[in-house]
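Single-structure report; data block below.
The values are calculated or read from the model by the stated rules, or taken from the named source; none is laboratory data. This one's a predicted model, so the numbers in the text were calculated from it and none came from an experiment. Here the Cβ is made from the backbone with ideal geometry for all residues, glycine too, and neighbour counts use every protein chain on show. Accessible surface areas use protein heavy atoms only, side chains included; no ligands, DNA or RNA. Shrake-Rupley method; radii C 1.70, N 1.55, O 1.52, S 1.80 Å.
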Amino acid sequence: MLNQIAEKISDVTGQPFTISNQKSVGGGCINRGTAISDGDRSYFVKFNSASQVEMFEAEYLGLKQMHETHTIRVPQPLCCGVVDSNSYIVMEWLEFGRGDSNVWAEMGHQLAQLHRYQGSEQFGWDRNNTIGSTPQMNPWTENWSDFFAEHRIGYQLKLAKRRGGSYPSTETVVERVRELLRDRTPQPSLLHGDLWSGNAACTVDGEPVILDPATYWGDREADIAMTELFGGFPAAFYRGYNKEWELDGGYKQRKSLYNLYHVLNHFNLFGGGYGSQASRMIDQIM
Ligand code: ADP
């Protein structure tokens, strides 16, 4: 199978590529990772079952779009597809190092530049993608409050109820979220979409990188909120971000609303205490 992928890499790059080294790479939440090299060029390949090819197509498209903004580094994607019973995505291999506060400040600065980048008048994306392995719906929508209320909270809440969670009626919660965001009319920003610390890294050369996105056009505050969900990024990150594009004063009130999406998703993916955490967050907004 890897040899067929090597052929594809040769086609896409126009340079013959024959694998001389390979090693498996751990740390992924969803997929199996492998590093492949011909001794000169190296690539990172992620695999899943063939049925998951759309997930990799969306990751490919998201990385490509983010890469083309020339704002913050993401692994450059090469190709994706199906070989035998597996789907795969190939991207450039990056050697990671340890970031200091300068790198974190630069990451904040560059993320703000990504968020400033203009390319859509609407919220949503060209296709649906996944957040973890949960489907993420991205129909083009003019209004941010409608988009977030229906396609983020409403969608996850329906799944959470199917999983046995006990929450107020979906319509009531969706209406409340819509109301809370009614006056929020942000510029659509290209978001990473799943920006927890496991998806933020630094190359050995000290360049910030963000990985494994769940891209869509949305409110930039949703990306920043997620960085704060599991303990927060270093303070330098927020200093770098605010220096480039200061967050609105109302962000602190909206943060928990934006993170409700991820907490519901964690309940849908992992169950356990995320269900009651979501319940408390819903109580707070109702
Ligand atoms: P998953 O989709 O399964 O969550 P990730 O994209 O998060 O997988 O990748 C899993 C791990 O592989 C990351 O935590 C990181 O250590 C490593 N990794 C991801 N992308 C690259 C890359 N382009 N080059 C080198 N290592 C990578």
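Looking at (1) near the ligand (Cβ under 10 Å from one of its atoms); (2) open to solvent by 50 Å² or more (accessible area, probe 1.4 Å), find the lone condition where Asn21 falls short.
Answer for Asn21: the failing condition is (1).
Could you list, ordered by first residue, the pairs with Cβ atoms under 7 Å in which the first is in region 90-119 and hydroxyl-bearing (Ser, Thr, Tyr) and the second is part of a helix (DSSP H, G or I), at least 6 apart or interchain?
That search, which allows pairs on different chains as well, returns Ser101/Ala236.
Yes or no, residue by residue, for (1) in the same structural domain as Asp212 (by TED's automatic domain parsing); (2) open to solvent by less than 20 Å² (accessible area, probe 1.4 Å); (3) of a type in the set (S, T, N, Q); (4) under 26 Å from His266 (Cα atoms):
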site: Gly39; (1), (2), (3), (4): no, no, no, no
site: Phe56; (1), (2), (3), (4): no, yes, no, yes
site: Gly62; (1), (2), (3), (4): no, yes, no, yes
site: Cys80; (1), (2), (3), (4): no, no, no, no
site: Asp84; (1), (2), (3), (4): no, no, no, no
site: Tyr88; (1), (2), (3), (4): no, yes, no, yes
site: Ala105; (1), (2), (3), (4): yes, no, no, no
site: Arg127; (1), (2), (3), (4): yes, no, no, yes
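Name the single residue, out of those in region 55-77 being more than 18 Å from Ser42 (Cα to Cα), over 12 Å from the mean Cα position of the chain (by Cα) and not hydrophobic (A, V, I, L, M, F, W, C), that is nearest to the ligand (Cβ to nearest atom).
Within region 55-77, the match that is nearest to the ligand (Cβ to nearest atom) is His67.
What's the number of the condition Ala35 fails, among (1) surrounded by fewer than 20 Cβ atoms within 10 Å (Cβ to Cβ); (2) more than 9 Å from the ligand (Cβ to nearest atom); (3) outside any loop (DSSP other than H, G, I, E, B)?
(2)
Taking the stated definitions as given, is Ile72 surrounded by 14 or more Cβ atoms within 10 Å (Cβ to Cβ), in the same structural domain as Ala222 (by TED's automatic domain parsing) and within 28 Å of His266 (Cα to Cα)?
Working: surrounded by 14 or more Cβ atoms within 10 Å (Cβ to Cβ): yes; in the same structural domain as Ala222 (by TED's automatic domain parsing): no; within 28 Å of His266 (Cα to Cα): yes.
For Ile72, the condition - surrounded by 14 or more Cβ atoms within 10 Å (Cβ to Cβ), in the same structural domain as Ala222 (by TED's automatic domain parsing) and within 28 Å of His266 (Cα to Cα) - is not met.
Out of Asp212, Asp219, report the one residue that is in contact (Cβ under 8 Å) with a residue 60 or more places away in the chain and within 25 Å of Cys29 (Cα to Cα). Lay out the reasoning, then the answer.
Numbers: Asp219 fails: within 25 Å of Cys29 (Cα to Cα).
The match here is Asp212.
List every residue pair whose Cβ atoms sit under 8 Å apart, with the two residues 6 or more apart in sequence or on different chains, where the first one lies in region 6-31 and is in a strand (DSSP E or B) and the second, anywhere, is of a type in the set (Gly, Ala, Ser) and more than 10 Å from the ligand (Cβ to nearest atom).
Filtered contacts from region 6-31: Asn21/Ser37; Asn21/Gly39; Gln22/Ser37.
Listed here are the residues, each with its yes/no results for (1) of a type in the set (Ser, Thr, Tyr); (2) in contact with a Phe, Trp or Tyr (Cβ under 9 Å, 6 or more places away or on another chain); (3) exposed (fewer than 14 other Cβ atoms within 10 Å of the Cβ).
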{"site": "Val177", "(1), (2), (3)": "no, yes, no"}
{"site": "Asp183", "(1), (2), (3)": "no, no, yes"}
{"site": "Pro186", "(1), (2), (3)": "no, yes, no"}
{"site": "Asp194", "(1), (2), (3)": "no, no, no"}
{"site": "Ile210", "(1), (2), (3)": "no, no, no"}
{"site": "Gly232", "(1), (2), (3)": "no, yes, yes"}
{"site": "Leu257", "(1), (2), (3)": "no, yes, no"}
{"site": "Val263", "(1), (2), (3)": "no, yes, no"}
{"site": "Gly273", "(1), (2), (3)": "no, yes, yes"}
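Within the bounds of region 210-226, is there any residue that is within 16 Å of the ligand (Cβ to nearest atom) and either out of contact with any helix residue (DSSP H, G or I) (no Cβ under 8 Å at 6 or more places or on another chain) or under 21 Å from Gln277 (Cβ atoms) (or both)?
Filtering region 210-226 down to residues within 16 Å of the ligand (Cβ to nearest atom) leaves 210-215, 226.
Restricting the remaining residues to those that are either out of contact with any helix residue (DSSP H, G or I) (no Cβ under 8 Å at 6 or more places or on another chain) or under 21 Å from Gln277 (Cβ atoms) (or both) gives 214, 226.
The answer is yes, given that some residue of region 210-226 is within 16 Å of the ligand (Cβ to nearest atom) and either out of contact with any helix residue (DSSP H, G or I) (no Cβ under 8 Å at 6 or more places or on another chain) or under 21 Å from Gln277 (Cβ atoms) (or both).
Out of everything in region 91-113 that is hydrophobic (A, V, I, L, M, F, W, C) and away from the ligand (no atom under 13 Å from the Cβ), what residue ends up being nearest to Val209 (Cα to Cα)?
Keep residues of region 91-113 that are hydrophobic (A, V, I, L, M, F, W, C), which gives 91, 93-94, 96, 103-105, 107, 111-112.
Those still in the list that are away from the ligand (no atom under 13 Å from the Cβ) too: 103-105, 107, 111-112.
Details: Val103: 10, Trp104: 10, Ala105: 12, Met107: 8, Leu111: 10, Ala112: 14 Å.
This residue is Met107.
Take Gly165 and tell me if it is assigned by TED's automatic domain parsing to the domain that holds Ser279, at pLDDT below 95, surrounded by fewer than 22 Cβ atoms within 10 Å (Cβ to Cβ) and not aromatic (Phe, Trp, Tyr). Give the derivation first.
Values: assigned by TED's automatic domain parsing to the domain that holds Ser279: yes; at pLDDT below 95: yes; surrounded by fewer than 22 Cβ atoms within 10 Å (Cβ to Cβ): yes; not aromatic (Phe, Trp, Tyr): yes.
Yes.
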